[in-house]
Structures are given as structure tokens and as C-alpha cells.
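The block underneath contains the structure these notes are about, expressed in C-alpha cells.
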């Protein structure tokens with residue numbers, strides 16, 4: 001959690017001080033994680049820092065940062081040298097500009113933060129900033145110092161609060177042309193487009209993140225629960241069929257002589273081996 005409990009957070013905003021706190025808007029701490037352990041006795045593995053050439057352990061006070069300048073040479077950078085150029089947190093968010101949200105390419109977005117009033121003061125100023133951004137349909141481009149580095153943050157209204165999105169600098173974003181220029185230009189027939197559009201129409205809906213299911217995470221939790229109970233772990237039987245539409249196969253079929261654009265039917269869902277076995281047991 002980053003907290004910026006400073007008065008006058010928005011230094012370019014000619015209003016009352018607005019102390020705020022920054023909270024990460026996303027988290028991966030709920031995901032299952034593992035440690036490496038010694039299989040023989042179950043102890044956790046501890047790593048040692050050793051010299052890559054001699055294999056000898058190196059004390060923490062003898063470890064410094066190094067910038068690689070060629071195969072075997074490093075430029076030593078001390079902690080003091082880094083501290084000399086580090087930016088002191090001003091505990092303010094300096095607004096530089098207001099821009100339409102649609103002009104920010106998603107490639108520049110790093111991670112989101114929730115911005116809320118810090119304490120009992122600043123609620124009025126926070127509300128004015130929020131409602132002004134919402135009415136103008138703009139986001140505020142600002143600079144903020146976190147962990148000695150200056151970051152660009154885009155602040156926008158969200159529900160009752162504000163959301164700040166850390167942005168990448170241009171040198172951190174690769175150019176799409178470097179990857180897409182070699183894609184061949186191909187001519188798509190109207191039949192293929194009509195069929196593809198029909199499939200899209202058939203499967204169109206609305207974005208609902210509650211429908212997302214992390215199947216791997218669920219399988220991990222089920223595995224751990226069984227292990228804790230001492231149950232035998234067996235490989236699950238894989239389903240034999242699928243109701244997923246193969247778009248490319250449907251498009252290839254449309255290219256055959258005499259074929260006309262029509263709705264692609266999903267392959268019939270086959271009964272799994274497990275279900276067949278269950279039916280057989282009931283019948284007996």
C-alpha cells in the first residue's frame with residue numbers, strides 16, 4: 001500500500017488541500033503459491049549468494065550493484081551514488097495536463113490504484129476533483145514519486161472515488177510496426193467475412209468478469225484439499241468432446257464449392273468416459 005498523506009496533493013489544483021491515500025486496485029496474493037522444500041526432510045530451501053566464478057559465498061556488505069558494459073566487465077554503482085540521484089518524495093501529485101481518456105493507448109497502462117481521502121479531511125476537495133473530471137470527461141496526467149522514482153499517473157473519476165493508473169514511459173513501449181510489418185496482406189472473400197460476422201453475432205454478449213473461472217487455480221485448490229486429507233491423487237479424465245466453435249475450420253468449409261455462408265454449428269458434445277461408466281453402473 002502506498003500512502004500519500006500530504007496536504008496539497010494536487011499541487012496544480014487551486015483548491016483546498018486534498019490529502020489522499022493510494023491503494024493497489026488489484027491483487028494476486030489470493031492465488032496459490034509454493035515454496036521450494038527439501039523432499040527428504042520437508043525443510044524449506046534457503047538460497048545463498050555465491051561468486052559465480054569461485055563458488056564462494058559472498059557477504060551482504062560486499063555485494064553492490066553492477067551495470068554490464070561487455071561480456072566480462074561491470075560498472076560498479078554504489079548505494080550512495082544511487083541515493084544521490086534518487087528523487088525525494090514530495091508527497092504531492094503534480095498535475096501537468098488534462099486529456100481525453102480515449103487518447104491513452106492501453107499499452108502505456110501499468111497498474112491501477114484507488115485514490116481515496118486520507119482521514120477525515122479533504123473529502124470536499126476530493127469530491128470536487130472527482131466530479132470535475134467526470135463532467136469534463138477528462139483524466140489528469142500527473143507526476144508522482146514512488147520508491148525514489150518519478151512515475152506518470154493518469155487520474156480519473158471512478159464511482160465515488162478516483163482511480164490512478166501508472167503509465168509507462170515511451171521508451172518502455174515497443175512499436176507494433178516492428179512485429180506487424182511482416183504480416184502478409186491477404187484478400188478476404190465476402191463469404192468468409194459474412195460467415196465470420198455471423199459467428200461473432202451468434203456469440204456476442206456483454207462483458208461480465210463474474211463469468212471468468214480460473215480452472216487451474218480451482219484444480220490447485222482441489223489438489224491441495226485432497227493431499228491434506230491423505231486422499232490418492234489421480235490424473236483426471238479429459239473430456240472427449242468440445243462445444244467450442246472452430247472459427248478457422250468454419251471459414252475453410254465456406255471456401256468449398258457450393259457452400260454458402262451459414263451459421264456454424266458447434267460439434268456435438270460427447271458424453272465423457274466418466275458419465276458413460278456411471279450410466280453403465282446404473283443399468284447393471
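What FRET efficiency would be calculated for the residue pair residue 175, residue 32, taking the C-beta separation as r and a Förster radius of 35 Å, to the nearest 0.05?
Computed FRET efficiency for residue 175 and residue 32 comes out at 0.45.
So, R0 is 41 Å and r is the distance between the beta-carbons of residue 40 and residue 86; what FRET efficiency does that work out to, to 0.05?
0.35
So how do 67-78, 159-170 stack up, highest first, on mean other-Cβ count within 10 Å?
159-170, 67-78
Determine the relative contact order of region 82-172: mean sequence separation of Cα pairs under 8 Å and six or more apart, normalised by residue count, in whole percent.
Normalised by residue count, the contact order of region 82-172 is 38 percent.
Full-extension gain between residue 232 and residue 201, please, as 0.36 nm times their residue separation minus the C-alpha to C-alpha distance. All intermediate terms of the calculation are to be shown ahead of the outcome.
Values: separation 31, 0.36 × 31 = 11.16 nm, distance 4.54 nm.
In short, 6.6 nm is gained.
So between residue 71 and residue 99, what do we pick up on full extension, going 0.36 nm a residue minus the alpha carbon distance? Present the calculation step by step, with values, prior to reporting the outcome.
Values: separation 28, 0.36 × 28 = 10.08 nm, distance 4.48 nm.
Answer, rounded to one decimal: 5.6 nm.
No lab work stands behind these numbers, since they all come straight from the coordinates. On a predicted model such as this, the values are computed, not experimentally measured, just so you know. Positions of Cβ are generated from backbone atoms using ideal geometry, with glycine treated the same way; all protein chains shown enter the neighbour counts.
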